[in-house]
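As structure tokens, the structure follows; a few thoughts come after it.
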Amino acid sequence: MAATLLLHVEGQPAGVAGQRVEIRLTAEDGYTADREYSLARTGEADRAEITVQAIDGGEVSPFLVEDIEVGVELEARGPIGGWFVWRPDQTEPVTLIAGGSGVVPLMAMIRARRAAGSKVPFRLIYSVRSREEMFYRAELRQPDPGVDVTVVHTREAPEGSPRPAGRITVADVNSGGWPPDFAPSCYVCGPTGFVESVADMLVALGHDPHRVRTERFGPTG
Amino acid sequence: MGIVTRGFRGRRGGGDVTLPPGQYLETGFPVLSAGPTPQIAPAAWAFEITTESGQEHRWSWAELQALPREDITVDIHCVTKWSKLGTRWTGVSLDVLLSGIDTSASYALVHSYGGYTTNLPLADLRQGQAWVAYGYDGRPLRPEHGGPARLLVPHLYFWKSAKWVQRLELLTEDRLGFWERAGYHAYGDPWREQRYAGD
């Protein structure tokens, strides 16, 4: 299960798409837990929007997704991160590749493109287990002009889908993203194993490794 | 104490373990890198130290393997908040690699295969505080964790332990590395919680 939280913040800059905020939760006895979450939307001075996936047995994410009530106070710091970002003055084509909740900072980039009126062509490849687990479904079903969206289902493909369910392949990356000749900036975000294999595919397809930016989360075990 | 978040209890994990401020205990081994993992064959691998006067010292993979090795068990602390305790590494101490190198440099800029850089004071690489590590948990270090070899400087946040280490550039003045230019702290002491520039 996942939820989008809107945080009203004081004195926080609006942020660049791809950046994160740090959330600090403090219990009554002073115990604290800190986590970082990608901003799902940037550019609004008084609010931070994050989408959080509840991790089974997690300490913070189930609280944020299931338990927290409207009006509760928490601490937020940021935005942080200056590498995995897309700025509206970038002019090259953009390939975004998301695994699961890794779509969050990439959605922030699509939204920043829209807010800036940018005409830069975007392609998003979004790997999800099933249709039900897709974030931002309505928004991605009718993407902005100039934004192509390819959804890769890994466990269960929707009825009538030409592609059987299965892990993302080099063919998915090749057909859903921009060719290396276009020298796109590629942003890959997801669980470690996903990012490792997709980044390897991009390099094998001929993309310049310096144009491939990655953000990984979760343990490798 | 900061703002109390109503309803949050948290999980008091870790028992009597003392972690640096703001860190949580991780049992897996997360990966954090800015880009794709470079695939470097040991035969094509070499490690270099260049001094401020332009002297170059170079070790091939075989030459590094022939140097005295140490087994190191240390706690590691990532700036993204996880700490992992008792990690077991095998590698060559920087004391061995720096011995016999004539330098009056105070800083080092570490260069990696793939172009990553990170900076730290040279003193932090001496006196049993840093290694070029090529083994993890009794096995060769895997590429996503920095194999064939990475720097290991466990008393600083783990981004200072550059993966795919290629070269130490010894400098008389500090020069910021990749994450440091992107807003992370120039030194990065986890016990003083030096995560970002200005901390």
Next item on the list: Please find, within region A:167-221, the residue that is farthest from the other protein chains (Cβ to nearest Cβ) out of those that are part of a strand (DSSP E or B) and open to solvent by 50 Å² or more (accessible area, probe 1.4 Å).
Entry: A:Pro191
Margin query: Give me the residue from region B:186-199 that is free of Cβ contacts under 8 Å to residues at least 40 places away in the same chain, more than 10 Å from chain A (Cβ to nearest Cβ) and open to solvent by less than 40 Å² (accessible area, probe 1.4 Å) and, out of that set, nearest to B:Ser106 (Cα to Cα).
Written below: B:Asp189
Item checked: Options A:Ser38, A:Ser61; residue that is in contact (Cβ under 8 Å) with a residue 40 or more places away in the chain and more than 9 Å from chain B (Cβ to nearest Cβ) -> A:Ser38
Note to self: It is to be established whether one or more residues within region A:123-131 are part of a strand (DSSP E or B), under 21 Å from A:Phe84 (Cβ atoms), over 13 Å from the mean Cα position of the chain (by Cα) and not hydrophobic (A, V, I, L, M, F, W, C).
What the structure shows: yes
Notebook entry, point to check: Within region A:156-183, can you find the residues that are of a type in the set (A, V, I, L, M) and on the phi < 0 side of the Ramachandran plot?
Noted result: A:Ala157, A:Ala165, A:Ile168, A:Val170, A:Ala171, A:Val173
Next item on the list: Output the number of the condition that A:Ile110 fails; it satisfies all remaining conditions of (1) in a helix (DSSP H, G or I); (2) open to solvent by 30 Å² or more (accessible area, probe 1.4 Å).
Entry: (2)
Checklist line | region A:17-67 - residue that is surrounded by 22 or more Cβ atoms within 10 Å (Cβ to Cβ) and of a type in the set (Ser, Thr, Tyr) and, of those, farthest from the chain's Cα centre (by Cα) | finding: A:Thr42
Checklist line | Where a residue in region B:26-38 is more than 7 Å from chain A (Cβ to nearest Cβ) and its partner, wherever it lies, is in a loop (DSSP other than H, G, I, E, B) and buried (at least 23 other Cβ atoms within 10 Å of the Cβ), with Cβ under 9 Å and at least six apart | finding: B:Pro38/B:Lys163; B:Pro38/B:Trp164
Margin query: Can you list residue pairs whose Cβ atoms sit under 9 Å apart, with the first residue in region B:136-150 being within 14 Å of chain A (Cβ to nearest Cβ) and the second being among the acidic types (Asp, Glu) and open to solvent by 20 Å² or more (accessible area, probe 1.4 Å)? Count only pairs 6 or more apart in sequence or on different chains.
Written below: B:Pro143/A:Glu196; B:Glu144/A:Glu196
Item checked: Candidates B:Glu48, B:Glu52 - the one that is in a loop (DSSP other than H, G, I, E, B) and either under 29 Å from B:Thr103 (Cα atoms) or charged (D, E, K, R) (or both) -> B:Glu52
Note to self: Every residue in region B:121-141 that is touching a Ser or Thr at 6+ places or on another chain (Cβ under 8 Å), part of a strand (DSSP E or B) and open to solvent by 10 Å² or more (accessible area, probe 1.4 Å), please.
What the structure shows: B:Pro121, B:Trp131, B:Tyr134, B:Tyr136
Margin query: I need a count of the residues in region A:70-81 that are within 7 Å of chain B (Cβ to nearest Cβ) and free of Cβ contacts under 8 Å to residues at least 60 places away in the same chain.
Written below: 3
Note to self: Step by step: first the residues of region B:21-41, then only those that are under 30 Å from A:Glu69 (Cα atoms) and either of a type outside the set (A, V, I, L, M) or open to solvent by less than 20 Å² (accessible area, probe 1.4 Å) (or both), then the one that is modelled with the lowest pLDDT. Which residue is that?
What the structure shows: B:Glu26
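The values are calculated or read from the model by the stated rules, or taken from the named source; none is laboratory data. Everything quoted here is computed from the prediction, not taken from an experiment. A quick note on method: Cβ atoms are made from the backbone with ideal geometry, for glycine too, and the neighbour counts reach across all protein chains shown. With ligands, DNA and RNA removed, areas are computed over all heavy atoms of the protein, side chains included. Shrake-Rupley method; radii C 1.70, N 1.55, O 1.52, S 1.80 Å.
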